[in-house]
Amino acid sequence: MKKTLTKTLSKFVLGALPFVCSLSLAQASFAAAPKKADYTFELQSSVKGLGVLQDGIMGSGVNLEMEGKKGLNEITVSAPEYATRKIRFWLEPGKKKTIPIELSKIKYQTTPNWKSPFKRFDGSKLEKRASACATIVVKTQDKSNCDRLSYLDDIFYAEHSIFNIDDLRVYQKDQDLDTFRQLLGHIDQSASASGIEDFFTRHPSQPSAFHLASLFNLLQGDCPRVHSIFTEAQQVLEQLGTLRLHMAVCAEANSNLKLRDQVVADGLKGKTPDLGLSYWLFQNQILTSLPKATATALACFKSSPGDLRCQDQMAMVAKVQDKPYRMNGANIEDVTFKNFMATEANLLNDQQEALFLVIAAQLQDFPLSIENYVLLSWINTVYSKDLTRDYYTNKKIQVAAVQAGPTLDKIVEAIEQNNMTQLLPPIYMRRLRFEPEDPNLWYRLIRSFAKAKQCKDMLNAMTQGAEFLPKYNASLLQMKGSCEVDLQRFKDALSTYSKIMELNPKTWSSPYNLANVYDRLGQKKEAYIHYQKALDLKPPADMLDAVKMKVLQFQPSNAKKPQPE
């Protein structure tokens, strides 16, 4: 039923109904004009009494076409006995958006305060700011336990697992599990905003949906949205640990230290203090107050001596005090090896979803298990080529605790044997932090980047590892030249392929690749000369006709035509 919203709203006044729901005119405008709007949306919900509030006036928003604005819109919805929610969505011209609204029953009585104390900040600063443990490593020259580089690494290390197996079962039942995996893999991309908000709207009770939305907005520097997600969560979720962590990061980014300290204090009080928040607090204290950092570490360790984040705090205190400390992680080698064997045997037999759930359950219990993140990356890549470069999994590999057992080596070997080396850059990058002078690791990293077509990363790796690699290696130069061509750096590629020609003058591909670069540079005569050289060196049968065609295409009018063999 289509109505003019202003007529409906005029029948209600603030307080006339026992629920509230707001829509800011700055965020979505409602026109009374009868003309067809360019940006429209309609709410659908089975929740009785769901309403929309605008400027203190209440009205029903279900099955009613309403006008919004181009791009981002934000409304607040609620109903009696249900939690209040802020809903975000994007509108395109001429395309009415239907928004299915799901609400969760209120579990914890609060008075939601939607006014954010935050402003947006530059999310890239999270990566640019150094990790506290990186500073400690420089001071102690010991990175045996801590090799994190950035403040963002510390956040990913401190966070609880996003893989809640109960949530994943709900997503599977709702045929939304694939969407969750895709969104998580691309959580660093601003283009994921609409998909993540739609997913969050559909799942008002699942902690992992809150975690997904909050982390995405933190990475974007959208602290006002982090605050509204936290405000909603206070009404329905029992555990707020990771969301509190994001709030604390936002408070610090906004120089609101009073709020930061309050958020941290709320998360650490009681019999079960939040360990992720404890680790984040410790990272802030260790550089400024060793006594406070020591007290935080001891409290964490007393609460959960087996948790790696608590042990990591104790180890860093010991390093600063120049005392020995040995971390004792849980032994999960047997179950991890079993998961690896099951993955290798069943991954190509349409079992990827079942395997994903098995590994996710393992990560829920052991969120810093590096081998299981590598297995997850392998499974995701077989599931979808879009997840070959999975930001979330790769980030977790960079910060997860390195296990000393042999299973990781077996997983890497199996991935290489399956010709999927493009999955392995995070592993080699992590290992190079501990063995930066290993030429084999540098070669494997470069090869995996080349396989993944991550050319800029590959060329950077070649520069960074140059002092540990052979200066003139045909295989490395071939990968370098190929990437330079892909990046249209033809003059650089000409220099690279000329070196390959010097190293392998008798191999047909050497002059052939050089000829292709001359062609891109418009040097037709040189291209012809090198195509002819390639033909003279007898290319393989599957390339012979292609090389002959190149010679014919570029030969001067007075040149002798190549004779077929």
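The values are calculated or read from the model by the stated rules, or taken from the named source; none is laboratory data. Computed from a predicted model, the values in this text were never measured in an experiment. No Cβ is skipped: glycine too gets one built from the backbone with ideal geometry, and neighbour counts run over all protein chains shown.
For the stretch 306-334, the tally of residues that are more than 22 Å from residue 142 (Cα to Cα) and surrounded by fewer than 16 Cβ atoms within 10 Å (Cβ to Cβ) stands at 5.
Taking the stretch 1-110 as the region of interest, the strands (runs of 3 or more DSSP E) fully inside it that hold 3 or more residues being closer than 22 Å to residue 225 by Cα and modelled with pLDDT of 50 or more are 51-54, 71-78, 85-91, 97-100. Of all residues in the stretch 502-534, those being surrounded by fewer than 16 Cβ atoms within 10 Å (Cβ to Cβ), touching a helix residue (DSSP H, G or I) at 6+ places or on another chain (Cβ under 7 Å), assigned to a helix (DSSP H, G or I) and not basic (Lys, Arg) number 1.
Any idea which residue in the stretch 297-337 is farthest from the chain's Cα centre (by Cα), counting only those that are β-branched (Val, Ile, Thr) and part of a helix (DSSP H, G or I)? The residue in question is 320. Is there a residue being of a type outside the set (A, V, I, L, M), touching a residue at least 40 places away in the same chain (Cβ under 8 Å) and more than 30 Å from residue 238 (Cβ to Cβ) anywhere in the stretch 111-118? Scanning the stretch 111-118 turns up no residue that is of a type outside the set (A, V, I, L, M), touching a residue at least 40 places away in the same chain (Cβ under 8 Å) and more than 30 Å from residue 238 (Cβ to Cβ). Is one or more of the residues making up the stretch 345-367 surrounded by fewer than 24 Cβ atoms within 10 Å (Cβ to Cβ), among the small types (Gly, Ala, Ser), closer than 19 Å to residue 410 by Cβ and at pLDDT below 90? Yes, the stretch 345-367 contains at least one residue that is surrounded by fewer than 24 Cβ atoms within 10 Å (Cβ to Cβ), among the small types (Gly, Ala, Ser), closer than 19 Å to residue 410 by Cβ and at pLDDT below 90.
Residues checked against (1) charged (D, E, K, R); (2) under 30 Å from residue 441 (Cα atoms):
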{"position": "473", "(1), (2)": "no, yes"}
{"position": "480", "(1), (2)": "yes, yes"}
{"position": "485", "(1), (2)": "no, yes"}
{"position": "510", "(1), (2)": "no, yes"}
{"position": "515", "(1), (2)": "no, no"}
{"position": "526", "(1), (2)": "yes, no"}
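Among the residues of the stretch 179-190, the ones that are more than 14 Å from residue 211 (Cα to Cα) and without any contact (Cβ under 8 Å) to a residue 40 or more places away in the chain come to 2 in all. When restricted to residues that are more than 31 Å from the chain's Cα centre (by Cα) and either in the same structural domain as residue 367 (by TED's automatic domain parsing) or aliphatic (A, V, I, L, M) (or both), the stretch 285-296 contains 2. Which condition does residue 472 not pass, out of (1) part of a loop (DSSP other than H, G, I, E, B); (2) touching a Phe, Trp or Tyr at 6+ places or on another chain (Cβ under 6 Å); (3) under 30 Å from residue 426 (Cα atoms), if it passes all the others? The failed condition is (2).
Of all residues in the stretch 397-428, those that are under 19 Å from residue 162 (Cα atoms) and in contact with a Ser or Thr (Cβ under 9 Å, 6 or more places away or on another chain) total 3. Residues in the stretch 422-434 include at least one that is assigned to a helix (DSSP H, G or I) and either under 28 Å from residue 522 (Cβ atoms) or over 23 Å from the mean Cα position of the chain (by Cα) (or both).
Pick from the stretch 141-198 the residues that are within 18 Å of the chain's Cα centre (by Cα) and β-branched (Val, Ile, Thr): which of them is surrounded by the fewest Cβ atoms within 10 Å (Cβ to Cβ)? This residue is 179.
Every test in (1) farther than 18 Å from residue 150 by Cα; (2) without any contact (Cβ under 8 Å) to a residue 24 or more places away in the chain is passed by residue 285 save one, and that test is (1).
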